[in-house]
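Colleague: First, the structure itself, so that you have it in front of you.
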Amino acid sequence: MAAVLDAPTPAAAPGLADLRQRFRAGKGALLDHFRDSRPTAPAATRLIRALSRHVDQMLLALWAHAAMPDEAALLAVGGYGRGELFPHSDIDVLVLLPPTPTIAGDALHTAVEAFITACWDIGLEIGSSVRTVGECIAMARADVTVQTALLESRYLCGSRRVFNTFRHANTQAMDAKAFLRAKQLEMVQRHVKYEDTPYALEPNCKESPGGLRDLQVLIWVARAAGLGKTWSALSAKGLITPFEVKQLNRNEGLLKLVRARLHTIADRREDRLVFDLQTAVAESFGYAGTRGQRASEVLMRRYYWAAKAVTQLNQILMLNIEERINGSQHAPMRPITPKFLERGGMLEVASDDLYQRDPHAILETFLVYQQTVGPKGLSARTLRALYNARDLMDSKFRRDPVNRATFMKILMEHEGQTHAFRLMNQTSVLGRYLWVFRRIVGQMQHDLFHVYTVDQHIIMVLRNVRRFFIPEHSHEYPFCSQLASNFDRPWVLYIAALFHDVAKGRGGDHSELGAKEARRFCRDHGVPRDDASLIEFLVEAHLTMSRIAQKEDLSDPDVIEAFAKMVGSERRLTGLYLLTVADIRGTSPKVWNAWKGKLLEDLYRLTLRALGGARPNMDAEIEARKLEARHMLNLATLPAGSELPLWNTLELSYFARHDAADIAWHARALHERVGTSRPVVQARLSPLGEGLQVLVYAPDQRDLFARICGYFDGAGFNILDAKVHTTRTGYALDTFQVNTPNFEPQYRDVNYRDLISYVETQLALALQATGALPEPGRGRLSRRVRSFPITPRVTLRPDERAQRWLLAVSASDRSGLLYSIARVLARHGINLQLAKITTLGERVEDTFLIDGPALQQNKAQLQIETELLDAVAA
């Protein structure tokens with residue numbers, strides 16, 4: 001017989017009302033006491049054990065109340081079977097029946113149903129299953145999740161004989177090797193699901209890497225192999241040291257405390273440290289915000305350190321258990337150097353006390369790992385030796401010339417930097433050697449676009465830079481790979497990557513502070529003067545190229561000339577370009593797009609030309625673009641001179657801001673339609689491969705840009721870029737780069753063909769509408785924006801000639817934001833010439849080049865700025 005019974009809800013039987021009151025009152029008293037107690041790990045441990053005992057008592061009373069048959073047994077399974085019950089955890093129970101029940105089926109079913117109904121009646125939301133011993137073993141063999149739950153089964157009441165039969169059968173059926181393999185694969189899958197890092201900004205304290213589940217899986221596989229059920233038992237078997245037992249207990253205690261506080265504060269089962277709850281949990285720990293750090297940041301940093309320690313200890317113990325179960329601790333070893341061996345594909349120290357005798361071998365570990373083909377990781381013995389050698393890495397260790405030379409060798413190796421530095425960070429060696437790096441380990445970034453902690457972001461940027469030099473990755477960013485192939489001494493860029501954000505969180509300009517740290521590192525490590533100067537420059541200027549590409553008018557020769565003067569040389573320009581691309585790609589998978597890539601590449605090429613000694617000659621450039629565009633029109637079989645009706649109406653600024661391909665496309669689209677009274681809308685797949693490029697040609701009107709933005713907003717498009725022009729004949733010729741997240745990449749060709757037709761029709765209709773502009777919707781804010789809002793900022797300043805004005809807007813992203821800005825500009829008769837829309841995760845930094853009579857009046861300026869702040873406020 002096997003069944004999982006749903007919870008019926010008939011009227012409560014006599015006597016249950018008293019049990020319901022006892023259960024609620026008892027649980028409430030335990031939670032109240034926990035809330036009022038000091039936030040310590042022992043307090044959390046006492047709570048989860050007391051809740052488990054309290055539920056035990058209720059179930060025993062209900063078992064007796066339901067008059068369950070003597071031959072049945074009640075077992076706690078899963079986490080409840082461990083005797084641990086968090087405030088809103090599942091209460092999983094198993095009603096265990098003998099192989100051949102003697103009681104009639106209907107009577108047994110009635111008794112079991114009465115018991116389960118009574119549980120739900122008093123408020124025990126149990127997960128129940130009813131099985132015979134044979135059914136349990138069969139299901140365990142077929143499903144490792146069931147096998148794991150049964151492994152932790154605990155007798156509550158009923159037939160001891162049936163329970164002992166089950167326990168013996170379950171032990172006999174256990175295949176420790178198969179169970180280990182299944183749990184390892186399950187752990188890898190779980191880690192991938194949770195971003196494969198303990199440093200997620202909203203980690204799950206139970207399931208994420210470094211969470212409680214990583215500790216539980218160790219006990220499961222050890223228990224399955226008969227190696228022990230507690231950390232102390234594993235220590236007695238020689239699998240972990242007493243010091244590691246202490247570390248395991250300490251970090252497990254913190255994770256349990258965090259989870260218990262989460263449950264009590266959320267008043268539901270909530271294992272994620274979501275932004276909404278981080279501050280409340282931090283305050284329950286007694287943390288308070290300071291001028292330089294939020295209370296939530298203090299909590300999260302403590303959590304990350306614990307999760308990192310759990311990750312390290314999990315690796316050590318899992319490898320030891322695996323060796324013990326598989327008998328691979330006696331596998332043959334291949335000598336690599338006198339200090340290191342290879343065993344089973346892992347790098348192993350020649351002796352447990354290697355680092356104590358020779359601290360230089362600590363950094364040498366990673367150099368050997370880099371240089372040796374074969375090892376795919378560090379063995380448990382090596383990991384343990386590194387974990388126990390942390391105190392050796394003091395200021396004397398950091399100043400040691402041998403260690404400094406080894407560190408530089410790691411940077412200068414031909415390959416392996418990504419894996420070496422990732423391992424150094426995971427084992428805490430990187431933060432111990434680069435003390436400045438230690439300060440940003442586990443540091444959160446509340447800027448709405450970084451999705452990694454600072455140290456993880458830095459390692460990601462290092463990985464991105466390294467990939468530019470690896471031929472196998474040249475298809476990802478061909479231009480970057482092309483530049484990297486001619487960049488000598490790539491280790492210069494690796495150092496710049498390591499230091500570019502290393503001063504975050506101190507207050508002040510992290511670029512300037514980071515440059516000072518980079519200068520000190522170069523001096524201490526004997527980096528040649530020219531290379532040190534380049535590294536310092538790259539760290540200090542690492543945000544500059546992105547800012548200019550995304551916020552300034554690249555068709556302005558003065559912008560290019562000023563940037564070229566700041567950069568000074570082709571080597572500096574190339575280094576800055578490569579670091580900038582790697583940095584943007586390392587913030588979040590959502591931040592980088594092809595449009596940003598084009599802006600950066602355009603800036604690189606224009607600056608490279610200026611560095612060659614030729615001041616930008618816009619007249620010559622425009623003539624070259626016209627010539628190329630005419631060639632493209634000829635290929636499209638348009639008659640000679642067909643472009644002139646349009647071109648004769650355009651100012652030079654139009655040709656300066658568009659490349660030849662766009663100029664030719666506009667001429668084709670508007671052939672024999674110049675001067676039409678009806679709006680012309682043409683769309684095409686973006687030449688960049690992402691989204692659409694949309695051309696709008698229509699009689700100019702005060703609110704035209706706002707109406708276009710309103711359409712795109714309502715249709716679910718994101719505007720990445722807008723080039724706005726007014727012809728000499730009073731027509732608007734505007735080009736938009738837009739994208740939409742609503743279409744799957746594999747269907748883009750089909751979807752976008754339909755989408756192009758739809759946009760051309762609907763946008764043209766929208767532009768023919770009359771009447772007042774509709775009110776913008778107040779778009780819904782994400783949880784992250786609500787939890788970490790940024791103060792909206794609006795700046796308005798004239799250009800150097802005081803002919804045009806640069807409007808910069810920074811705010812939290814939401815739908816309808818650009819439309820709200822456009823309505824304000826339209827209301828005051830402001831002409832828009834150029835719009836650069838920069839979305840950084842959930843923050844926008846938009847730049848507009850504008851003019852209009854109202855901008856010449858101080859009072860009107862203040863009014864415009866005030867209305868814009870109101871419009872972008874969250």
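The values are calculated or read from the model by the stated rules, or taken from the named source; none is laboratory data. Here the structure is a predicted model, which means the values were calculated and not measured. Every residue, glycine as well, gets a Cβ built from its backbone with ideal geometry; the counts of neighbours run over all protein chains shown. These accessible areas exclude ligands, DNA and RNA; they are computed on the full protein's heavy atoms, side chains included. Shrake-Rupley method; radii C 1.70, N 1.55, O 1.52, S 1.80 Å.
Colleague: Inside the stretch 842-874, can you point out the residues that are part of a helix (DSSP H, G or I), free of Cβ contacts under 8 Å to residues at least 40 places away in the same chain and either open to solvent by less than 20 Å² (accessible area, probe 1.4 Å) or not charged (D, E, K, R) (or both)?
Modeller: Listed by number, the residues that qualify are 853, 854, 856, 858, 860, 862, 863, 866.
Colleague: Would you confirm whether any residue within the stretch 582-594 is part of a helix (DSSP H, G or I), in contact with a Gly (Cβ under 6 Å, 6 or more places away or on another chain) and among the hydrophobic types (A, V, I, L, M, F, W, C)?
Modeller: yes
Colleague: How about the stretch 297-345: which of its residues are under 36 Å from the mean Cα position of the chain (by Cα), β-branched (Val, Ile, Thr) and open to solvent by 10 Å² or more (accessible area, probe 1.4 Å)?
Modeller: Residues satisfying the conditions are 298, 311, 325.
Colleague: Checking residue 839 against (1) closer than 28 Å to residue 555 by Cα; (2) of a type in the set (Val, Ile, Thr); (3) open to solvent by less than 30 Å² (accessible area, probe 1.4 Å), which test does it fail?
Modeller: Every listed condition holds for residue 839 apart from (3).
Colleague: Which condition number in (1) at pLDDT below 80; (2) open to solvent by 40 Å² or more (accessible area, probe 1.4 Å); (3) under 19 Å from residue 837 (Cβ atoms); (4) not basic (Lys, Arg) is the one that residue 713 fails?
Modeller: Evaluating residue 713 over (1) at pLDDT below 80; (2) open to solvent by 40 Å² or more (accessible area, probe 1.4 Å); (3) under 19 Å from residue 837 (Cβ atoms); (4) not basic (Lys, Arg) leaves (1) as the failure.
Colleague: Mind checking which residues of the stretch 346-364 are free of Cβ contacts under 8 Å to residues at least 40 places away in the same chain and within 31 Å of the chain's Cα centre (by Cα)?
Modeller: Result: 346, 347.
Colleague: Within the stretch 754-790, track down each residue that is at pLDDT 80 or above and of a type in the set (Val, Ile, Thr).
Modeller: Within the stretch 754-790, 756, 759, 761, 770 qualify.
Colleague: Is the stretch 591-602 home to any residue that is over 27 Å from residue 454 (Cβ atoms), open to solvent by 40 Å² or more (accessible area, probe 1.4 Å) and at pLDDT 95 or above?
Modeller: No, there is no match, as no residue in the stretch 591-602 is over 27 Å from residue 454 (Cβ atoms), open to solvent by 40 Å² or more (accessible area, probe 1.4 Å) and at pLDDT 95 or above.
Let's see how each residue does on (1) free of Cβ contacts under 8 Å to residues at least 12 places away in the same chain; (2) more than 26 Å from the chain's Cα centre (by Cα); (3) more than 30 Å from residue 507 (Cα to Cα):
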{"position": "212", "(1), (2), (3)": "no, no, yes"}
{"position": "223", "(1), (2), (3)": "no, yes, yes"}
{"position": "236", "(1), (2), (3)": "yes, yes, yes"}
{"position": "250", "(1), (2), (3)": "no, yes, yes"}
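Colleague: Quick check: anything in the stretch 738-750 modelled with pLDDT of 85 or more and under 17 Å from residue 839 (Cα atoms)?
Modeller: Yes, some residue in the stretch 738-750 is modelled with pLDDT of 85 or more and under 17 Å from residue 839 (Cα atoms).
Colleague: Kindly list the number of the only condition in (1) over 26 Å from residue 277 (Cβ atoms); (2) crowded, with 19+ Cβ neighbours inside 10 Å that fails for residue 199.
Modeller: For residue 199, the exception is condition (1).
Colleague: Take the stretch 671-690 and flag every residue that is crowded, with 18+ Cβ neighbours inside 10 Å and without any contact (Cβ under 8 Å) to a residue 60 or more places away in the chain.
Modeller: 674
Colleague: Please find, within the stretch 647-666, the residue that is farthest from residue 804 (Cα to Cα) out of those that are among the polar types (S, T, N, Q) and modelled with pLDDT of 90 or more.
Modeller: Only one residue fits best here, namely 648.
Colleague: Need pairs with beta-carbon distance below 9 Å; first residue under 13 Å from residue 671 (Cβ atoms) and among the polar types (S, T, N, Q) and within the stretch 624-642, second open to solvent by 50 Å² or more (accessible area, probe 1.4 Å) and not in a loop (DSSP other than H, G, I, E, B); sequence gap 6+ or separate chains.
Modeller: Correct list of pairs: 642/668.
Colleague: Would you check if residue 633 is open to solvent by less than 50 Å² (accessible area, probe 1.4 Å) and outside any loop (DSSP other than H, G, I, E, B)?
Modeller: Criteria met by residue 633.
Colleague: While we're here: Using beta carbons and a limit of 7 Å, which pairs, at least six apart or on different chains, have the first residue in the stretch 153-166 and touching a residue at least 60 places away in the same chain (Cβ under 8 Å) and the second one acidic (Asp, Glu)?
Modeller: 156/56; 159/70; 159/71; 162/71
Colleague: From the list 418, 406, pick out the single residue that is of a type in the set (Ser, Thr, Tyr), more than 22 Å from residue 542 (Cβ to Cβ) and not in a loop (DSSP other than H, G, I, E, B).
Modeller: 406 is the lone residue from the list that is of a type in the set (Ser, Thr, Tyr), more than 22 Å from residue 542 (Cβ to Cβ) and not in a loop (DSSP other than H, G, I, E, B).
Colleague: Return the only residue of 815, 820 being in a loop (DSSP other than H, G, I, E, B) and among the polar types (S, T, N, Q).
Modeller: Result: 815 is the single residue among 815, 820 that is in a loop (DSSP other than H, G, I, E, B) and among the polar types (S, T, N, Q).
Colleague: Sticking with this one: Working carefully through the options 290, 279, find the one that is surrounded by 16 or more Cβ atoms within 10 Å (Cβ to Cβ), hydroxyl-bearing (Ser, Thr, Tyr) and at pLDDT below 95.
Modeller: Going through 290, 279 in turn, the sole match is 279.
Colleague: If we scan the stretch 184-191, do we find a residue that is buried (at least 19 other Cβ atoms within 10 Å of the Cβ), in contact (Cβ under 8 Å) with a residue 12 or more places away in the chain and touching a Lys or Arg at 6+ places or on another chain (Cβ under 6 Å)?
Modeller: no
Colleague: Where the second residue is part of a helix (DSSP H, G or I) and open to solvent by 70 Å² or more (accessible area, probe 1.4 Å) and the first is closer than 20 Å to residue 352 by Cα and in contact (Cβ under 8 Å) with a residue 12 or more places away in the chain and lies in the stretch 376-405, which pairs have Cβ atoms under 8 Å and are six or more apart or on separate chains?
Modeller: Pairs found: 388/243; 389/356; 392/356.
Colleague: Go through the stretch 238-248 and give me each residue that's surrounded by fewer than 20 Cβ atoms within 10 Å (Cβ to Cβ) and either in contact (Cβ under 8 Å) with a residue 24 or more places away in the chain or in contact with a Ser or Thr (Cβ under 9 Å, 6 or more places away or on another chain) (or both).
Modeller: The answer is 241, 242, 243, 245, 247.
Per-residue answers, yes or no, for (1) surrounded by fewer than 19 Cβ atoms within 10 Å (Cβ to Cβ); (2) modelled with pLDDT under 95:
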| position | (1), (2) |
| --- | --- |
| 358 | yes, no |
| 365 | no, no |
| 374 | yes, yes |
| 380 | no, yes |
| 390 | yes, yes |
| 400 | yes, no |
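Colleague: While we're looking at this one, here's another question. Quickly run through the stretch 642-663 and pick out the residues that are more than 20 Å from residue 562 (Cα to Cα) and open to solvent by 30 Å² or more (accessible area, probe 1.4 Å).
Modeller: 644, 645, 648, 651, 652, 659, 661
Colleague: Does residue 50 satisfy being small (Gly, Ala, Ser), more than 14 Å from residue 263 (Cα to Cα), touching a helix residue (DSSP H, G or I) at 6+ places or on another chain (Cβ under 8 Å) and touching a residue at least 24 places away in the same chain (Cβ under 8 Å)?
Modeller: Here the answer is no, as residue 50 does not meet what is asked.
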